[in-house]
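> This is the structure I have questions about; it appears just below.
The values are calculated or read from the model by the stated rules, or taken from the named source; none is laboratory data. In this text, all values refer to a predicted model and were calculated from it rather than measured experimentally. All Cβ positions, glycine included, derive from the backbone under ideal geometry; neighbour counts span all protein chains shown.
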Amino acid sequence: MLEGASVSNVTSSVNVSANGNEDLTAGGIIGAVLGGTVSNVSATGDVSVTGSNDVCAGGVVGVSLQGTVRNASATGDISATTSAAEDAQAGGIVGTSPQGTVSNVYATGDISATNNGDSMGVGDIVGACHGGTVSYTALVMVMTVSVDKEGKEG
């Protein structure tokens, strides 16, 4: 977790996968940001989170709590899957951004979330944004966004 610090001028070209029974978050650059800044970054690769509690996946950052993500891009498929009735959030740049700021970003790829009945957030840029700000974003290709509950196609 990045807390109150910054990450900048980073390029990542890897696939990221997180699996387990606890709350899980993963991103193409960093899993979680708490009050920090991620800027001038680019991530290429798929991000997949699978668990039995809350799961969150983002092309750049999994969770950005009161953080800032700017001047960022992501290319790859993003998926968040939980086998329980828990939260599942997936976004092209940030999985969830409570009270955060996301600006000047773009993403390409397929995005999906699956759970068994609780809340889900799926978005081309941010999966869920609670009291945050998203601005100056662009899609450079049409994305497929799907939501799947209990094995049903959305």
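> Looking at segment 17-59, what strands (runs of 3 or more DSSP E) fall wholly within it and have at least 1 residues that are more than 13 Å from residue 95 (Cβ to Cβ)?
30-34, 37-44, 47-51
> Take the conditions among the hydrophobic types (A, V, I, L, M, F, W, C) and either under 21 Å from residue 37 (Cβ atoms) or in contact with a Ser or Thr (Cβ under 7 Å, 6 or more places away or on another chain) (or both) and apply them to residue 125. Does it pass?
Considered against the rule, which asks whether it is among the hydrophobic types (A, V, I, L, M, F, W, C) and either under 21 Å from residue 37 (Cβ atoms) or in contact with a Ser or Thr (Cβ under 7 Å, 6 or more places away or on another chain) (or both), residue 125 comes out as yes.
> Follow-up. Criterion first (within 20 Å of residue 104 (Cβ to Cβ), modelled with pLDDT under 95 and polar (S, T, N, Q)) does residue 6 satisfy it?
When the stated conditions are applied, residue 6 passes them.
> Give the number of residues within segment 56-83 that are among the hydroxyl-bearing types (Ser, Thr, Tyr) and closer than 9 Å to residue 102 by Cβ.
The number of residues fulfilling the criteria is 2.
> Within segment 102-144, can you find the residues that are modelled with pLDDT under 85, part of a strand (DSSP E or B) and not hydrophobic (A, V, I, L, M, F, W, C)?
Within segment 102-144, 115, 121, 123, 127, 133, 135, 136, 137 meet the criteria.
> Follow-up question, since we're still on this one. Given the conditions (1) assigned to a strand (DSSP E or B); (2) modelled with pLDDT under 90, report the number of the one that residue 84 does not fulfil.
(1)
> Filter segment 22-71 down to the residues that are in contact with an Asp or Glu (Cβ under 8 Å, 6 or more places away or on another chain), surrounded by fewer than 24 Cβ atoms within 10 Å (Cβ to Cβ) and at pLDDT below 95 and list them by number.
23, 24, 34, 35, 36, 51, 52, 53, 54, listed by residue number.
> Another question about this same structure. Could you grab the pairs with beta carbons closer than 6 Å, sequence gap of 6+ or different chains, first residue in segment 24-51 and in contact (Cβ under 8 Å) with a residue 40 or more places away in the chain and more than 10 Å from residue 74 (Cα to Cα), second one aromatic (Phe, Trp, Tyr) and buried (at least 18 other Cβ atoms within 10 Å of the Cβ)?
The qualifying pairs do not exist here.
> Also, I was wondering about something else. Can residue 75 be described as surrounded by fewer than 20 Cβ atoms within 10 Å (Cβ to Cβ) and under 17 Å from residue 20 (Cα atoms)?
no
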